[in-house]
Amino acid sequence: MRKVLIVNLTRFGDLLQTSPTIAGLRAAGDTEVTVVVERNFADVCEGIPGVDRVWPIDLDALGRLLLADDLRAAYHAVAHELAALRAERFALALNYSSSRMSAVLLRLIGVPDTRGWSMSGDGHRLITHPWSRLFSASCLTRGQAAFNLVDHYQRVAGISAGTRRLCFEVPPAARSRVAVLLADGGVGPDQPLVAMQLGASRDIRRWPARHFVAVGRLLHAQLGVRLVLCGGGGDRPMAGEIVAALGPAAVDCCGRTSIAELGALLERADVLLTGDTGPMHMAVAVGTPVVALFFGPALPVDTGPYAADQLCLHAPVACAPCDHAITCLNPFCRDVLEPEAVTAAVIARRAQDWQGLEAAARRWPRIAWYRTGFDAEGLFDLAPLGGAPPSPAERLRRAHRALWKGELDGTPPRPVDGPPLAAEGEALRALAGLARHAAAQATRVERLAGGDADVEVLEAAGRELEVLDAAIFRHGAIHEAAAQLVQLHRFEKENVLGDDVAALARATRAQHEALARRARRLADLVAPRAAATATVEAGGIHAGVA
C-alpha cells in the first residue's frame, strides 16, 4: 500500500478544495491518505471521503510555548510530532501550505518524493514540482493567474482526470440538529430558503451589511423566501444589524453550527449568496447552487466555486485584484456589485434561468458575470455571460493559460480571441532577448569553468550573468505581461543546487533558454507576428510556437 501524506495547514475552505485530489489518489490504486491539519480544522477532514487518518497539529499550543520562552518544551513537542510522522514512512508528501513553516516541516519529515515547498540541507527554500512553482508564481502575479487552486492541487499529485466537484459527507446527526435549529427560527421543513454567508477572513472582503439587507428585502418581497444568515461567532454583530432590518424574514445562525452542521444548513438551502469564503466551498461540496461575489483580492478564476453551473459576479475595477497585504481605505469595488443586480442573480440562479442571467449580465455591464464549467482537458474554466468582448487583461490571462497548458500538460496552444496586444507582445519579446543573452553568458561561464581560465576571469563572467539576471527581474517588475514568467524563473533558479560551477552554469543556461522560449511563445499568443518572423532562430533557440 502506498502511503501518501498531505499537509494543509491553512483555512477550512482550502481543505475542502483538497477533496478532489484525495478522491483521485484513492481511485488510482491501493493508497492510504493521511492529512496533517491545524487542530482547529480537523473536523473538516472528518467529512471528506477517502481520508484514512487525520493528523491534527496544535499550532496555537506551540505558539504559546514559544511566547512563554519555554523553548525546551516547544522543541520536545515538535520532535515528538516529527518522530511520529517519520515513523509512518510515507512514499509521497504533498505540501499544499506555501509557508516557511511547512517547508521546514517537510524537510524534517524527509519523505523521498516531496512535492511543493520544502527546504534544502543548508536551509534554502525549494519548490519541487512545476505546478507548485507555477502556483507560487501565480500567487504573486494574480493578474495572470490562469488555473483554479483545485487543479493545481490535482496536477501536483499527478491527477489529470479527477472529480469535477468538491466532496463533503454530511452526517445524519448534523441534519437533525439543523432541522431543530431552523424550526426554532420558524422555518418549516419545505419552506424556500436562501442562505447568506456574512463573514470573511478580513473585513475588507465582506460585502456591506446594507447590501445584504437590500437583497434580503427584495428576495423576501419577490419570492417569499426565508433568509438564513451564516457565519462565525464574530459575525453576530453584523447578523444582528441585518435581523433588526429584516425582522422575522431572517434567521441568525452565525456561530451556532459546527463544520458538519454548516454543511447540513447549506445543503438545506436553495442557493447560497456568499463572498469568496470557506462556506462557498462547503456549499459546492454538498451540492447547493452558489452565487459568489468577488471583489478586492478575490478572483473567480483561481479560487472560484469548483463545480459546473455556479455563478460568479466579479467587480473588474482597474485596481483588481488588490494585494492581500493591502488595507484599502476606499473599497469602492464592493459597491460595483449592486444589490439589485445580485438579487436578479440569486433569483435567476435559483430558477436555473441561464437566459435570464445572460440578460442580467447585459443589464449590469459594470459587473463581470461568469458561469463555471470545465474545458476540454477537464480544467476549471469560466464562461463569460452577456456577450461582452474579453478585456485585454482577460486575453492576457487566457494566453498564460494556453502557454502553461502547453508547457506543463503538452496541450497544443490555441489562439486567443481579440485584437493583438501589441505592447505586451513587445515586452515579452524584449524579455526573450534578455533571456537569450543570459543563456549565452551562462554558456560562457560553463566553458570557462570547464577549462583553465583564471579565477578572476571566471568571477567577472559570473558577475556579468548576475547583471543580466537583474535586468530580467527589473523587466518583470516593470511589465505586467512578463511578471509571471520572471517570477517563475526566480523560483526555478532557487532549485539550482550544488558546488560544481560548470554544472551550475549548465543548469542556469537551461533555465534561461526555457524563459526565452516561454516569453516568445506567450508573445506569439498575444500578438502574433508573420510566420517568417516567428520562426527566426536566435542564439540557438527556436522562436516558433510549438
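Treating the beta-carbon of each Lys and Arg as +1 and of each Asp and Glu as -1, no other charges, what is the dipole magnitude of the stretch 204-259 about its Cα centre, to the nearest 20 debye? Working shown, then result.
Values: 7 positive and 3 negative charges, 20 e Å.
Using only the charged Cβ atoms, the result is roughly 100 debye.
Would you tally the net charge around Leu126, using a Cβ to Cβ cut-off of less than 14 Å, leaving Leu126 out, and scoring K and R as +1, D and E as -1? The partial results should precede the final answer.
Numbers: positive: Arg100, Arg107, Arg115, Arg125, Arg133, Arg490, Lys493; negative: Asp113, Asp122, Glu492, Glu494.
Here the count lands on +3.
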Rounded to the nearest 20 Debye, what is the dipole magnitude of the chain about its Cα centre when Lys and Arg each give +1 and Asp and Glu each give -1 at the C-beta?
780 debye
Counted neighbours (other Cβ, 10 Å), sorted fewest up, put Phe90, Phe212 in the order Phe90, Phe212
Sort Asp43, Asp469 so that the residue with the fewest other Cβ atoms within 10 Å of its own Cβ comes first and the one with the most comes last.
Asp43, Asp469
For the stretch 467-472, 3J(HN,Hα) per residue [Karplus equation, 6.51 cos²θ - 1.76 cosθ + 1.60, θ = phi - 60°, Hz, x = Gly/Pro]:
5, 5, 5, 4, 5, 5
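Report the local net charge at Ser98: Lys and Arg +1, Asp and Glu -1, summed over other residues whose C-beta lies under 11 Å from its C-beta. Intermediate results must be reported in sequence, preceding the final value.
Numbers: positive: Arg100, Arg125, Arg133; negative: Asp14.
With Lys, Arg at +1 and Asp, Glu at -1, the neighbours total +2.
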Among (i) 25.7, 82; (ii) 25.4, 87; (iii) 23.7, 83, only one was calculated for this model; which label is it, if the read-out is Rg and Dmax of the Cα atoms in Å?
(ii)
Calculate one ³J(HN,Hα) per residue across the stretch 237-245 by plugging θ = phi - 60° into the Karplus curve 6.51 cos²θ - 1.76 cosθ + 1.60, and present them in order as whole Hz with x for glycine and proline.
x, 5, 4, x, 4, 6, 5, 4, 7
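Which order do His76, His512, His211 fall in if you start with the one that has the fewest other Cβ atoms within 10 Å?
Numbers: His76 12, His512 28, His211 18.
Neighbour counts put them in this order, fewest first: His76, His211, His512.
Suppose every Lys and Arg Cβ carries +1 and every Asp and Glu Cβ carries -1, with no other charges. What dipole size does the stretch 422-542 come out with about its Cα centre, to the nearest 20 debye? Write out the running numbers ahead of the final one.
On the way: 15 positive and 18 negative charges, 118 e Å.
Result for the stretch 422-542 is approximately 560 debye, rounded to the nearest 20.
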Pairing the Cα long axis of helix 100-109 with the longest principal axis of the chain, what angle in degrees results, from 0 to 90 and rounded to the nearest 10?
70 degrees
What residue among Leu166, Leu522, Leu273 has its Cα farthest toward the positive end of the dipole of the chain, where the charges are +1 on Lys, Arg and -1 on Asp, Glu, each on the Cβ?
Leu273
Based solely on its DSSP helices, what 222 nm [θ] is calculated for the chain when runs of n ≥ 4 H residues each add -39,500 (n - 2.57) and the sum is averaged over all residues, nearest 500 deg cm²/dmol?
-16000 deg cm²/dmol
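Determine the relative contact order of the chain: mean sequence separation of Cα pairs under 8 Å and six or more apart, normalised by residue count, in whole percent.
Values: 973 pairs, mean separation 65.2, N = 546.
Worked out over the chain, it gives 12 percent.
What full-extension length gain, to one decimal in nm, is calculated for Ala388 and Arg447 as 0.36 nm per residue of separation minus the Cα-Cα distance?
Gain in length upon complete extension: 15.8 nm.
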Using alpha-carbon coordinates, inclination of helix 209-223 to the longest axis of the chain, degrees:
50 degrees
Nearest-0.05 FRET efficiency for Arg39 and Asp500 at R0 = 60 Å, using Cβ-Cβ distance, is 0.85
Return the long-range amide H neighbours of Thr114 (sequence gap of 5 or more, or a different chain), with a cut-off of under 5 Å between placed amide H atoms.
Ala93
Order the peptides 370-381, 351-362 from the highest to the lowest mean number of other Cβ atoms within 10 Å of their residues.
370-381, 351-362
Taking placed amide H atoms and a strict 5 Å upper bound, the residues 5 or more places from Val290 or on another chain that come that close are Leu272, Leu311
For Ala527, other-chain or 5+-apart residues with amide H closer than 5 Å (H placed, Pro excluded) are Leu421
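Computed from the coordinates by the stated procedures, all read-outs in this text should not be read as laboratory data. Keep in mind that what you see is a predicted model, and the values were worked out from it rather than measured. Quick reminder, even Gly has a Cβ in these numbers, built from the backbone with ideal geometry, and neighbours come from all protein chains shown.
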